[in-house]
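Colleague: Quick one: the structure is below, and I'll ask about it shortly.
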Amino acid sequence: MLNVETIRKDFPILSRKVNGKPLVYFDNAATSQKPRRVIDTIVDYYTNYNANIHRGVHALSQEATDKYEQARAKIQKHFNAQHRHEIIMTSGTTHGINLVAHGFASILKKDDEIIVSALEHHSNIVPWQMLCERTGARLRVIPMNQDGELVMTAFEALLSSKTKLVFVNHISNALGTINPIEDIIKKAHKVGAAVLVDGAQACPHLKPDVQQLDVDFYVASAHKMCGPTGVGMLYGKKAWLDKLPPYQGGGEMIAEVTFEKTTYADLPHKFEAGTPNICGGIAFGAAIDYLNHIGFDAIAAYENELLQYATKKLLAIDGLKIYGTSKHKTAVISFNLDGIHPYDVGTILDKMGVAVRTGHHCAQPIMDYFGIPGTVRASFAFYNTMAEIDTLVDGVKKAKAMLS
Ligand code: 7TS
């Protein structure tokens, strides 16, 4: 059981006011808020041991390197990767996906096929389109149904010996659908395709086990997991990471450089050119510690209560439609009021101190499928309360009264 009142004290920002009203933060799918432990870790780094890593003999550099590598070990343990060097530190999910897409440019051939899902964030669509343009490979799409679920029979029909890669998110940031990734991975592997799972929306809500999933690549962003922006991780099976060429050239990623030839460093450094977000990486480790201290079982159970409560109360409002009605969903409610633009609802909610996102949520194909310009999206975290949901519902009712 979560003690939400105690947890809320860990997040200084939750006690501020917005437009004269207590902040109700329901934009967690865009980025989460940060607990004191993460903020303190950032302050401690810059106050006490800021230095560049992997290169100095001096004490500060050693200390920063140790803490950074400890963070990598925490990430490895959290995702249950077999080897520490299978964890590549990135600037976030988008970076991780682009790194893999770039690598596959040298592997894919004309007429190979890559499969994405209709539920993807733009960051899991555009890099693959760019890859197809460069290689002559073809992009195929797993369709979705009216509940916002992937149509698995259509996925099976798309798979063939031509399929080289499958990309799918673990949880949709726009609708909250939890995708059947275990099944997708098994079926893709049967035809010899590799699978990349975009875990950006899933990782704040559950704890993936990359070995149990047998996934080839898994990406996440720290900022959606109570960590800072500009840092994330790419897990890749060692065999795949060895096969892919480096993404960027520069310092840190080399073994030896002459003007005739450069040899590359071993994993993970081969993919980590330049000075990384050292402080961010260390704070990512602190965020993972914090989430595990709360406990993912407790987080999932409580967030499900929030979701059920909010769904019921919102659906009681006449003319309100929820997009994404799968039984397998978490912590996201995308909705519209009949005849009212989502932006207008968001603006009125903001006046009441309620932060939601409005628009297409970087998932335009989903909005096109439903034939809408966008939605109002309320996305929950374990530090939200039922009383905050009541405030949201009051705000939506007020918006309806003012705008219809
Ligand atoms: N994939 C998914 C499923 C996401 O939710 C996001 C961010 C990304 C990829 C990109 O992550 P980044 O950290 O590299 O930017 N999602 C959102 C969102 O829903 N609103 O703002 C960012």
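The values are calculated or read from the model by the stated rules, or taken from the named source; none is laboratory data. Remember, it's a predicted structure, so these values are computed and weren't measured experimentally. When we count neighbours, we look across all protein chains shown, and the Cβ atoms used for this are built from the backbone with ideal geometry, even at glycine. Each accessible area value is taken on the protein alone, full model and side chains, heavy atoms only, with ligands, DNA and RNA left out. Shrake-Rupley method; radii C 1.70, N 1.55, O 1.52, S 1.80 Å.
Colleague: Just by accessible area at a 1.4 angstrom probe, what is the order of 256, 182, 303 from largest to smallest?
Modeller: These residues rank, largest area first, as 256, 182, 303.
Colleague: Additional query: To the nearest 20 debye, what is the magnitude of the charge dipole of region 39-293 about its Cα centre, counting +1 on the Cβ of each Lys and Arg and -1 on the Cβ of each Asp and Glu?
Modeller: Numbers: 23 positive and 27 negative charges, 103 e Å.
Around 500 debye, computed over region 39-293.
Colleague: Could you check the simple spin-label distance between residue 30 and residue 129, using points 7 Å along Cα→Cβ, in nm with one decimal?
Modeller: 2.3 nm
Colleague: Same structure again: What is the gain in length, in nm to one decimal, between residue 13 and residue 318 on full extension, counting 0.36 nm per residue of separation less the C-alpha to C-alpha distance?
Modeller: Once the chain is fully extended between residue 13 and residue 318, it gains 106.5 nm.
Colleague: Please work out the ratio of the alpha-carbon Rg of the chain to 2.2 N^0.38 Å and round it to two decimals. List each step's numbers first, then the result.
Modeller: On the way: Rg = 21.9 Å, N = 404, 2.2 N^0.38 = 21.5 Å.
The value comes to 1.02.
Colleague: Output wanted: per-residue J couplings in Hz (rounded whole) for region 378-389, from phi through Karplus 6.51 cos²θ - 1.76 cosθ + 1.60, θ = phi - 60°, x for Gly and Pro.
Modeller: After applying 6.51 cos²θ - 1.76 cosθ + 1.60, I find 9, 10, 9, 10, 5, 8, 7, 10, 5, 4, 5, 5 Hz.
Colleague: Another question, if that's okay. For residue 404 and residue 122, what does the FRET efficiency come to when R0 = 35 Å and r is the distance between their Cβ atoms, rounded to the nearest 0.05? Show your work: numbers first, answer last.
Modeller: Numbers: r = 32 Å, r/R0 = 0.91.
Once rounded, the FRET efficiency stands at 0.65.
Colleague: List the residues, sorted by chain then number, that are 5 or more residues from residue 329 or on another chain and whose placed amide H is less than 5 Å from its amide H.
Modeller: Residues meeting the amide H criterion: 178.
Colleague: Please report the spacing between the Cα centers of region 200-220 and region 324-342 in Å, no decimals.
Modeller: 24 Å
Colleague: Turning to a different aspect of this structure: Which entries of 162/186; 67/237; 17/313; 313/397 have Cα-Cα distances beyond 19 Å here?
Modeller: Working: 162/186 16 Å; 67/237 24 Å; 17/313 25 Å; 313/397 11 Å.
From the list (162/186; 67/237; 17/313; 313/397), the Cα-Cα distance tops 19 Å for 67/237; 17/313.
Colleague: Same structure, new question: Enumerate the amide H contacts of residue 166 below 5 Å, restricted to partners 5 or more residues apart or on another chain; note that Pro and chain-start residues carry no placed amide H.
Modeller: Residues meeting the amide H criterion: 115, 194, 195, 196.
Colleague: Separate question: What residues have an amide H closer than 5 Å to that of residue 90, excluding those fewer than 5 places away on the same chain, when H is modeled at 1.01 Å from N in the peptide plane?
Modeller: Excluding prolines and chain starts, which carry no amide H, the hits are 232, 233, 234.
Colleague: Identify which of 93, 325, 263 has the largest mean-square fluctuation in a Gaussian network model of the chain, with springs joining Cα atoms closer than 10 Å.
Modeller: The residue that fluctuates most here is 263.
Colleague: Okay, moving on. Could you run the Karplus curve 6.51 cos²θ - 1.76 cosθ + 1.60 with θ = phi - 60° over region 35-43 and give me ³J(HN,Hα) per residue in whole Hz, x for Gly and Pro?
Modeller: 3J(HN,Hα) across region 35-43, in whole Hz: x, 3, 4, 6, 4, 5, 5, 5, 5.
Colleague: In nanometres, what is the gap between the two model label sites at residue 256 and residue 152, each 7 Å from Cα along Cα-to-Cβ?
Modeller: If labels sit at residue 256 and residue 152, their model points lie 5.2 nm apart.
Colleague: Taking Cα atoms, how many degrees apart are the long axis of helix 296-315 and the longest axis of the chain, rounded to 10 and kept between 0 and 90?
Modeller: That works out to roughly 40 degrees.
Colleague: I want to verify the translational diffusion coefficient of region 109-206 in µm²/s; compute it with Stokes-Einstein, Rh as the Kirkwood radius over Cα pairs, at 37 °C and 0.692 mPa s. Mind showing how you got there, number by number?
Modeller: On the way: Rh = 13.5 Å.
The estimated diffusion coefficient comes to 244 µm²/s.
Colleague: So what's the net charge close to residue 309: Lys and Arg +1, Asp and Glu -1, counting the other residues with Cβ under 12 Å from its Cβ?
Modeller: -2
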